[in-house]
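Input: a single structure, listed below in structure tokens.
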Amino acid sequence: MTNPHNPVKPFLITPFRVGWLVLSLWLFMLLGYGVARPQFTLLMTLSALLFWGYSRIAQPLWFDTPATHDATVKPDRFLFGAAILFRLALLVMTPNLSDDYARFLWDGHLVANGYNPYEYLPSQFLGTSMAASAGLTDALFQRLNSPDYFSVYPPLTQVLFGVAAGLFPGDGLGAIVALRVPILLAEFGTLWLLVRLLRRFGMNPNRALLYGLNPLVILELTGNLHFEAVMIFFVLLAVWLFTQQRRIAASVVLALGIATKLLPLLLFPLLIRRLGWKRGLAYASLIGGLIALLFTPFLSVNLLHNIMDSLNLYFQKFEFNASVYYLIRTVGYWLKGYNIIGQFSTTLRLLIILSVVYIAVRTPNRSSAVTLAISVLLTLTIYWLLSTTVHPWYISSLLIPALFTRFRYPFVWSALIVVSYATYQTQPYQEHLWLTALEYAVVVGYGMLEWKRVIVNQPVRA
């Protein structure tokens, strides 16, 4: 008997689907326009309802079955339309779960008025004649979460910030919508690319819905203005171009992705391994040169120093929703009596580098698309498990490679990581470490069970 909730049908409208669509749209609107970050109980309740509906509608795509490996299946237009509708519904939303957008607008005003955002600390810039000429106000400054750090956002994001601030010189809704438009376009492009890539690798294109309908992705990337969406689009476009043997075009696009977020740099060892050491190093050098070219408009004597200074402060000072690091920190308190993040952050970074290189070396250079996706997924998983800061939107990067594998633990994580918002219930912020422990216990436990089932008990599909 046909499952009436099965999203592999080309265009299926049932009472269940209509009810799910109406309920989910209402919940997205409530979460986007009616909930503040400190309202944790309400946030969790509404998010749980959204993820319940998501799990029901996406259930047929969760398990690895012959249907999920059928590239001839037509995309489910109803559900892809829902994914687009949910994002458009948040078009005029003011971010309510993150205040990062305030820094986007701050940097954007600098760029739009001819100032280099990598040169000035907001705390030093405010109150000067330059700040007044750039339209930077005390109200915007008060919303910044890092006024004493130089900007670390790469050049393409700075250009997008500058365009938004240039079109809407204030810091109101117009500028926020202008920031959201490229994210929306990137998300639509990502869905389009996922359908084609899944088909290219012999898989059901509707697997893309596991990403497209994911509540965390919609609320965090589109709703709360996180440019991981643009990075993901460029990386997927580079992969698509690579499959079409258009490697020069792919290098340009990948450079644009890194110029949006630096995270894809982690995949360089895998890229070099895939192409072979000689050709791979040459290709990586080409991409590196293109990235340097994109930084050219912002060149200054202090550019590299200021960026590295802020990145070092990020790794040595910031901590949020971490896993391995929190265990190490606890041991440090027992042995030393103080927080050892400043001493141990370098060790964690070294462990990340060694892990990334090891995974690349262990990945056959002629491996299948599934094997490569598993290597990418493992690389990013280890990176986030060893990081000192893991905000909810960070793990959106894990969902993409998981689509091409049998692993589903990143999607479990996307539902559980919402508990990290319990931190913001009080001032000053206070993390609830028992919730963090619960989050990681479930995610790691589920991931280990999947790893045993997929890798040990079952051969990976080519």
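The values are calculated or read from the model by the stated rules, or taken from the named source; none is laboratory data. Since the model is a prediction, treat every value here as computed from it, not as a measurement. A quick note on method: Cβ atoms are made from the backbone with ideal geometry, for glycine too, and the neighbour counts reach across all protein chains shown. Quick note on the areas: whole protein, heavy atoms, side chains included, nothing else; ligands and nucleic acids left out. Shrake-Rupley method; radii C 1.70, N 1.55, O 1.52, S 1.80 Å.
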Net charge (Lys, Arg +1; Asp, Glu -1) of residues whose beta-carbon lies under 11 Å from that of Y118, Y118 excluded, is -3
Distance in nm between L42 and L30 label points, each 7 Å along Cα→Cβ, equals 1.0 nm
Counting only protein heavy atoms and rolling a 1.4 Å probe, one gets per residue an accessible area for the chain in Å² of 43 Å²
Measuring from its Cα centre, segment 175-247 shows a charge dipole (+1 at each Lys and Arg Cβ, -1 at each Asp and Glu Cβ) which, in debye to the nearest 20, is 420 debye
Packing-ranked peptide list from 29-37, 85-93, 358-366, highest mean Cβ count within 10 angstrom first, is 85-93, 29-37, 358-366
Read-out Rg and Dmax of the Cα atoms in Å, candidates [x] 22.0, 72; [y] 29.5, 128; [z] 20.8, 58; calculated match is [x]
Counting only protein heavy atoms with a 1.4 Å probe and every protein chain in place, the carbon and sulfur fraction of the accessible surface of the chain in whole percent equals 68 percent
The extension gain from L88 to V331, computed as 0.36 nm times the residue separation minus the Cα-Cα distance, is 82.8 nm
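Peptides 163-173, 147-157: what's the order by average Cβ count within 10 Å, highest mean first? Let's see the in-between values first.
On the way: 163-173: 17.6, 147-157: 20.5.
Packing order, densest peptide first, comes out as 147-157, 163-173.
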Of the residues G127, A178, I84, the Cα lying farthest along the dipole of the chain towards its positive end, which is defined by charges on the beta carbon of Lys, Arg, Asp and Glu, belongs to I84
Charge tally for neighbours of L193 with beta carbon under 12 Å away, counting Lys, Arg as +1 and Asp, Glu as -1, is +2
Filtered hits (aspartates and glutamates, Cα-Cα < 20 Å from K336, offset >= 8 within chain) -> E319
Rounded to one decimal in nm, the spacing of the 7 Å Cα→Cβ label points at I353 and A292 is 1.9 nm
log10 I(q)/I(0) for segment 248-383, Debye formula on C-alpha points only (no solvent), q = 0.19, 0.21 Å⁻¹, two decimals, reads -1.19, -1.29
Taking a crude spin-label model, label points 7 Å out from Cα along the C-beta direction, the V181 to D99 distance in nm is 2.8 nm
Summing -39500 (n - 2.57) over every DSSP H run of at least 4 in the chain, dividing by its residue total and rounding to the nearest 500, the 222 nm mean residue ellipticity is -19500 deg cm²/dmol
Percent relative contact order for segment 119-217, counting Cα pairs under 8 Å at least six residues apart, stands at 16 percent
Env charge @ P364, Cβ radius under 12 Å, K,R +1 / D,E -1, value +4
Scoring segment 244-291 by relative contact order with C-alpha pairs under 8 Å, at least six apart, yields a percentage of 45 percent
In the chain, helical segments from DSSP H whose Cα atoms cover 24 Å or more along their own axis and that average at least -1.0 on the Kyte-Doolittle scale are 15-33, 40-57, 173-200, 277-295, 341-362, 369-386, 433-451
